[in-house]
1. Which pairs do you get when a residue that is within 11 Å of Ser71 (Cβ to Cβ), found in region 136-160, comes within reach of a residue that is among the basic types (Lys, Arg), reach meaning Cβ atoms under 7 angstrom, with the pair 6+ apart or on two chains?
2. Can you go through Phe254, Phe188 and tell me which one is farther than 22 Å from Leu73 by Cα, surrounded by fewer than 16 Cβ atoms within 10 Å (Cβ to Cβ) and of a type outside the set (Ser, Thr, Tyr)?
3. Which helices (runs of 4 or more DSSP H) does region 1-81 wholly contain that include 2 or more residues that are closer than 29 Å to Asp193 by Cβ and open to solvent by 90 Å² or more (accessible area, probe 1.4 Å)?
4. Do you know which residues across region 112-133 are closer than 17 Å to Arg214 by Cβ and crowded, with 16+ Cβ neighbours inside 10 Å?
5. Being open to solvent by less than 20 Å² (accessible area, probe 1.4 Å) and over 30 Å from Ser122 (Cα atoms) is the filter here; which residues of region 134-155 pass it?
6. Does region 165-209 hold any residues that are in contact with a helix residue (DSSP H, G or I) (Cβ under 6 Å, 6 or more places away or on another chain), more than 24 Å from Phe70 (Cα to Cα) and either touching a residue at least 24 places away in the same chain (Cβ under 8 Å) or of a type in the set (S, T, N, Q) (or both), and which are they?
7. Scan Gly239, Gly194, Gly225 and give me the residue that is touching a strand residue (DSSP E or B) at 6+ places or on another chain (Cβ under 7 Å), assigned to a helix (DSSP H, G or I) and not hydrophobic (A, V, I, L, M, F, W, C).
Amino acid sequence: MRTNSRNFYLIPYVLWIALFVVAPLLLVLYYSFFDIEGHFTLENYRKFFTPVYLKMTLSSFWYAFLITLFSLLIAYPTAFLLTKTKHKQLWLLLIILPSWINLLLKAYAFLGIFGTYGAANSFLDVMGIGGRQILFTDFSFIFVSVYIFLPFMILPIFNSLDELNPTLLDASNDLGGSSWVTFKRVIFPLTLDGVKAGCQIVFIPALSLFMLTRLIAGNRVITLGTAIEQHFLVTQDWGMGSTIAVFLIIAMVFIMVLTGRRKRGIL
């Protein structure tokens with residue numbers, strides 16, 4: 001009776017997964033085998049391995065790597081300091097709060113900040129440096145991307161650090177371990193799962209960014225997400241867009257497996 005009841009409650013979840021996860025993936029895979037005229041073909045897959053798309057793929061991974069790296073370098077010390085503060089949950093809420101704002105609104109806000117007459121150039125003028133072309137550059141794209149993804153990197157790292165057993169740190173100090181040795185041998189290894197989760201949360205969506213490449217980078221940064229958008233909305237070549245999406249999904253699954261949790265045995 002209990003098993004039947006459990007199976008009954010599973011039905012909505014199975015239907016949801018089937019309709020909104022499995023079905024879209026199968027549709028993407030299906031459309032990837034058709035050209036712009038609706039004829040069955042494998043040309044899309046051959047075209048993906050041409051220098052143009054391979055260069056685009058490397059560019060996507062490079063920018064996603066930089067965004068993840070800078071997010072991690074900022075997030076880990078921030079999360080560590082948060083665990084030492086008195087009202088850490090309040091500070092964490094204030095950090096997460098900007099993620100509730102619509103992404104498009106934040107992008108347009110940075111258009112004003114980094115614009116010719118924006119706050120950034122006004123500050124440079126006051127400092128005597130003079131105005132600079134900040135908008136539509138690699139710097140602006142990476143800066144805004146890191147700002148947007150930073151809360152998602154901080155949260156899992158903060159949780160790992162907050163759950164760390166303080167007696168392990170005391171033991172390391174009692175054994176004569178310096179602050180750096182304690183961090184390298186105790187803190188970082190025990191919070192590695194949080195780091196992996198944060199990298200996964202940031203790297204995967206950073207691979208498929210397309211709106212920021214248009215608004216902030218002025219299409220000077222071309223990623224796989226940009227190519228998918230162009231094929232679906234501009235050229236109407238759904239087959240090629242779907243083919244790129246297939247390889248993007250494969251890359252995302254590979255990254256999830258690579259950064260997934262592994263059960264550790266007890267020595």
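1. Correct list of pairs: Ile148/Lys106.
2. Only one candidate qualifies: Phe254.
3. 2-17
4. Listed by number, the list holds a single entry, Phe114.
5. Met153, Ile154
6. Hit for region 165-209 is Ser172, nothing else.
7. The conditions single out Gly239.
The values are calculated or read from the model by the stated rules, or taken from the named source; none is laboratory data. This structure is a prediction, so every number in the text was calculated from the model and none was measured. When we count neighbours, we look across all protein chains shown, and the Cβ atoms used for this are built from the backbone with ideal geometry, even at glycine. Surface areas here come from the heavy atoms of the whole protein model, side chains and all, with no ligands, DNA or RNA. Shrake-Rupley method; radii C 1.70, N 1.55, O 1.52, S 1.80 Å.
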